[in-house]
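S.K.: Before I ask anything, let me first share the structure, which is written out below as C-alpha cells.
What follows draws every value from the coordinates through simple rules; no lab data is involved. All values derive from a computational prediction rather than experimental measurement. Here Cβ is always computed from backbone atoms with ideal geometry, including for glycine, and neighbour counts include all displayed protein chains.
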C-alpha cells in the first residue's frame with residue numbers, strides 16, 4: 001500500500017479523537033532545529049468553534065487487538081487496515097511542516113499486539129523526530145493504558161502533551177463496551193504522568209538544563225451519549241479528574257454510531273449536548289462553579305435551550321439582581337452575559353466612576369442575558385417581574401426559542417403576566 005493511501009485511512013481513523021487546542025507550551029526556535037511552539041496556539045487558523053486545524057492528526061496503526069464496541073477501529077470491525085513505521089511518520093511530519101501545511105503533530109494508535117509494543121513504536125517515532133530530525137515543534141501523543149511506567153517516562157520527555165483517554169464515564173459502562181480496558185488501568189498512568197510533571201517542574205526550578213516532562217500537561221476524552229450516564233455524572237467525573245490529576249483539558253466527544261451493537265444507541269446524541277458540557281466545563285475551570293452547584297435536586301442533565309450559567313441563575317434568583325457598581329468580581333462572573341474580561345473591565349472602570357447600561361454596552365456585555373440579573377445605580381434595564389418562568393421565557397424568546405416548554409411553570413401564564421407588566 002502506498003503512503004498516500006495509508007495517510008487517507010489513518011487520518012480518517014484519527015478523526016474521532018478530539019485534541020485540537022492551543023498548545024499551552026512556548027518554545028522558541030533554536031539554531032540547528034526545525035520548528036517552534038507558541039503557548040497561545042500552534043497554528044494560524046482555527047475553526048468556528050475554536051479548534052485548531054493545523055495539526056497533522058493520524059494513527060500510527062488502525063490495527064487493534066482490542067474490541068471496544070464504540071470504536072471504529074475495533075478488532076471485529078471489517079474496515080481497511082494500514083500502519084505506518086516510525087520512520088514514515090517522521091518523514092511525513094517533516095515534509096508537511098516544510099511545506100507549511102502543519103505546525104504540529106497529534107499521534108495515536110490502535111493497540112498493536114500489546115500496549116508496551118505500541119508504546120515502543122510511538123516512542124521511536126518521537127525519538128526520530130526530536131533527535132534525528134531535530135524537530136522542535138508541538139507534539140501531542142496518546143499514551144496507551146496498561147503500558148509500563150518506564151515507557152510512559154520516556155514518552156513524557158519527548159512529547160509536549162500526553163493524554164490517556166478515559167473514554168466512558170463509569171466503570172460499568174467500560175466493562176460492558178471495552179472489556180480489554182479497566183478503570184484502574186486508565187487512572188494509574190494519569191497519576192504517574194501527573195507526578196512526573198510535578199517532579200520535572202521542581203527540577204527545572206533548580207536546574208536550568210533539567211529535562212521537561214510533558215510541559216503542556218495532560219488531557220483526556222470522554223464519549224458522550226454512548227451510555228446512559230447523565231450530564232451530572234459526566235461533569236462530576238470531570239471535576240474529580242481536574243482536582244486529582246491536574247488535567248489541562250477534558251474533551252467531550254459526542255458518540256457517533258460506527259456499527260451495530262445492541263448495547264449502543266442507534267442514533268447520535270444532539271450536538272448541542274456536547275456544546276453544553278463544554279460550557280459547564282468552562283464554568284468549572286474559570287468561573288468558580290462546582291459540579292454540585294450546576295446540578296441540584298431533580299436536574300440531572302443540562303438544559304439544551306439555556307446555557308448552564310443562565311440555568312443556574314434562574315434557579316438562584318434569591319442572589320439577583322446584583323448591583324453592577326458594588327458586586328465583587330466573583331459574583332460578577334456568575335451573572336449571565338458577563339465573562340472574565342468583562343468582569344475585569346467592570347472592576348477597573350468603576351474605580352473612576354459609576355457605571356450605567358450604556359457603559360456596559362460599550363464594554364461588550366451581552367445585555368440580552370445580563371439585563372435580567374443586574375442593576376445599574378439601583379435601576380434595572382427594564383421593568384420585569386423577577387419570576388423564573390418570566391425571565392426564562394424572555395431568554396428563550398431572545399434566542400428564537402419561545403415555543404420551548406418552560407422549566408418553571410406554565411408558559412401561557414408567564415406570557416399573561418409578562419404582558420400585564422409591560423402594559424403598566
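S.K.: Take every Cα pair under 8 Å in the chain that's 6+ residues apart, average their separations, divide by the length, and report that relative contact order as a whole percent.
M.R.: Computed value for the chain: 10 percent relative contact order.
S.K.: How far apart, in nm, are the 7 Å Cα→Cβ label points at residue 366 and residue 75?
M.R.: Reported label-point gap for residue 366 and residue 75 is 4.7 nm.
S.K.: Could you give the length gained on full extension between residue 96 and residue 33, defined as 0.36 nm per residue of separation minus the Cα-Cα distance, in nm?
M.R.: The residue 96-residue 33 span can extend by a further 21.1 nm.
S.K.: Now for a separate question. Relative to the present Cα-Cα distance, how much length would full extension add between residue 203 and residue 12 at 0.36 nm per residue of separation?
M.R.: 64.8 nm
S.K.: Round to the nearest 0.05 the FRET efficiency obtained for residue 299 and residue 271 when R0 = 22 Å and r is the Cβ-Cβ distance.
M.R.: The pair residue 299/residue 271 has a calculated efficiency of 0.60.
S.K.: Next question, about the same structure. Need one number: nm distance between label points at residue 350 and residue 172, each 7 Å from Cα along Cα→Cβ, rounded to one decimal.
M.R.: 4.7
S.K.: For the residue pair residue 184 and residue 85, what label-to-label distance in nm results when each label sits 7 Å from Cα along the Cα-to-beta-carbon direction?
M.R.: A separation of 4.0 nm, rounded to one decimal place.
S.K.: Give me 96, 135 sorted ascending by neighbouring Cβ count inside 10 Å, so fewest comes first.
M.R.: Taking fewest neighbouring Cβ atoms as first place, the list is 96, 135.
S.K.: With all pairs of different alpha carbon atoms counted, what Kirkwood hydrodynamic radius in Å does segment 327-379 show?
M.R.: One over the average 1/r among Cα pairs gives 10.9 Å for segment 327-379.
S.K.: Another one. Under the 0.36 nm per residue contour assumption, what length would be gained going from the current alpha-carbon distance of residue 243 and residue 287 to full extension?
M.R.: Full-extension gain reported as 14.3 nm.
S.K.: Report the relative contact order of segment 122-177, percent, no decimals, based on alpha-carbon pairs under 8 angstrom and at least 6 residues apart.
M.R.: Relative contact order here is 37 percent.
S.K.: Any idea what angle helix 149-158 forms with the longest principal axis of the chain, computed on alpha-carbon atoms, 0 to 90 degrees, nearest 10?
M.R.: 80
S.K.: I want the antiparallel fraction of DSSP beta bridges within the chain, as a percent rounded to 5.
M.R.: Expressed as a percentage, antiparallel bridges in the chain total about 15.
S.K.: If you don't mind, another one. Using a Förster distance of 60 Å, how high is the FRET efficiency between residue 211 and residue 383, based on the Cβ-Cβ distance and rounded to 0.05?
M.R.: So the FRET efficiency works out to roughly 0.40.
S.K.: Could you tell me how many degrees, from 0 to 90 and to the nearest 10, lie between the Cα long axis of helix 271-286 and the main elongation axis, the longest principal axis, of the Cα atoms of the chain?
M.R.: Here the helix axis deviates by roughly 80 degrees.
S.K.: Let me ask something additional. Mind giving me the FRET efficiency for residue 279 and residue 2? R0 is 41 Å, r the Cβ-Cβ distance, nearest 0.05 is fine.
M.R.: 0.40
S.K.: Ratio of the chain's C-alpha Rg to 2.2 N^0.38 Å, to two decimals?
M.R.: The reported ratio for this selection is 1.12.
S.K.: If each DSSP helix of 4+ residues adds -39,500 (n - 2.57) and the sum is divided by the residues in the chain, what number results at 222 nm, nearest 500 deg cm²/dmol?
M.R.: My calculation for the chain gives -12000 deg cm²/dmol from helical runs alone.
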